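First the structure, in the form of structure tokens, and then the observations on it.
Bear in mind these aren't lab numbers, they're just calculated from the coordinates by the rules spelled out. Since this is a predicted model, take the numbers as computed values, not measurements. When we count neighbours, we look across all protein chains shown, and the Cβ atoms used for this are built from the backbone with ideal geometry, even at glycine.
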Amino acid sequence: MTRIGILVNPDAGLGGRLGFKGTDGRAAEARAAGAVDRSGPRMTAALERFAELLAHLREAPHMMTCSGRMGSDWVPAGISFEEVVRAPTESTAEDTRRAVSELLDANIDLLFYAGGDGTTRDIVAALDAAERTDLPLVGVPTGVKMHSGCFAATPRAAAEVLAAWLAGDLMLASTEVMDLDEEAYREGEWKVRMYAEVQTPSSPRWMQGAKMRVAAAEEEEVLEGLAAHVGELAQENPGMLIIWGSGGPLRAMSENLGMQTTLLGIDASRDGVLVGRDLAEDGLLELLDGNGSAGVLLLLSPMGGQGFLIGRGNLQLSPEVLRAVGVDNILGVATPGKLAILSELRIDSGDPDLDADIRERRYLRVLQGYRTTRLIRVSED
């Protein structure tokens, strides 16, 4: 019988809606500011889908997990499991590493975990110490930032990957574990490095792949054209609230318009003037509530290599914010270099109903040049 380890970092993703650039060392601060659990409920959603898929497997796996918030609290009815790790109420990186070590002692064949890139680094450290870097990993994406290739695209996709691997339909492949320097990230600087390679079931459909920086020469003129397009939209619609997503292209566009948006935060402008920088969910909702009938435009740049428009690095754009904006008022922005590797857009808002509503539209608009938009297909997974 195949043994599956289940592990949850209960603090992963806590700071997303608050505008934190990661939750390492800031879980207590996030909870004090009103943050609610993200990691555990997304693990539950993944396991609920897996419970539906169990009927199609010849043999159910033996599920093994931790006690409390690092595991059993999030396992839904319909999933039988064994507690093999006694976990503390409040967890740390060291607790994650210890839990992995004890799950390895229980002879698990794959680790199914919920967290972000920091969690993955802690898991890899434990695997390396035990000389078990061959253990396959499947990550349920729950962090603020997830650049590593061992994460599934969504919680449901993680369940599909696990079931397909158990059925023998997916082969293992090596993928990169990436992470940002969170101190630099919080200061608005993007420093990412590869920490390790791990094994994960290979599925271009369900796994997100590692993030890539897309560099292309001679795109300065394109960015100027993109900025001019947005500037004219603002002039044609006085008072319109423009919400700027994160990323280098959008920051370059704002600079062309005489503004200085943040590289990694969410900002807002009206009539060519910034009215909010590095906004959290509550700040965005306040601006939207006071916007009246002036109109709103949300500019988002898809993540290079992964295609995520929503749900990676912009958790401030909660389902409540996105509904207040309106799906029709979302405009993707991508340069030719990014479009060259972008076949579809991925959505992971954290709200299955909202995700379904966006996917039902099948396509979203992406601005690719001055007065030039293109329809890009939305992934069904």
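For segment 220-377, the Cα gyration tensor yields ellipsoid semi-axes of 21, 20, 14 Å (square root of five times each eigenvalue, largest first, whole Å).
With semi-axes defined as the square roots of five times the eigenvalues of the C-alpha gyration tensor, the equivalent ellipsoid of segment 3-201 measures 25, 19, 16 Å, largest first.
Each of SER203, SER39, SER293 was scored by other Cβ atoms within 10 Å of its Cβ. Arranged with the fewest first, they read SER293, SER203, SER39.
What's the angle, to the nearest 10 degrees (0 to 90), between helix 93-105's Cα axis and the longest principal axis of the chain? On a 0 to 90 degree scale, this one is about 40.
Rounding to the nearest 10 and keeping the result within 0 to 90°, find how far the Cα-based axis of helix 39-53 lies from the longest principal axis of the chain. Helix 39-53 sits at roughly 70 degrees to that axis.
Charges were assigned to the Cβ only: +1 to each Lys and Arg, -1 to each Asp and Glu. The resulting dipole of segment 220-377 about its Cα centre is roughly 580 debye.
In plain terms, the residue of THR2, THR89, THR200 with the fewest other Cβ atoms within 10 Å comes first and the most crowded comes last, giving THR89, THR2, THR200. A Cβ-based charge dipole, computed about the Cα centre of segment 312-381 with Lys and Arg at +1 and Asp and Glu at -1, lands at about 540 debye. Mind jotting down a quarter of the surface of the convex hull over the alpha carbons of segment 114-160, in square nanometres, one decimal? Dividing the Cα hull surface by four gives the mean projection, 3.1 nm². The charge dipole of the chain, taken about the Cα centre with unit charges on the Cβ atoms of Lys, Arg (+1) and Asp, Glu (-1), comes to about 520 debye, rounded to the nearest 20. Across the chain, the relative contact order, built from alpha-carbon pairs under 8 Å that are at least six residues apart, equals 15 percent. Relative to the dominant Cα principal axis of the chain, helix 117-129 is inclined by about 30°.
Which whole-number percent is the relative contact order of segment 51-129 (Cα, under 8 Å, 6+ apart)? Once normalised by length, the contact order is 26 percent.
Computed from backbone phi with θ = phi - 60° and the Karplus coefficients 6.51, -1.76 and 1.60, the 3J(HN,Hα) list for segment 160-177 is 5, 5, 4, 5, 5, 5, 5, 7, x, 8, 10, 8, 7, 9, 7, 9, 8, 9 Hz; x is used for glycine and proline.
Between ALA130, ALA252, ALA159, the Gaussian network model of the chain with springs among Cα atoms under 10 angstrom shows the greatest mean-square fluctuation at ALA130.
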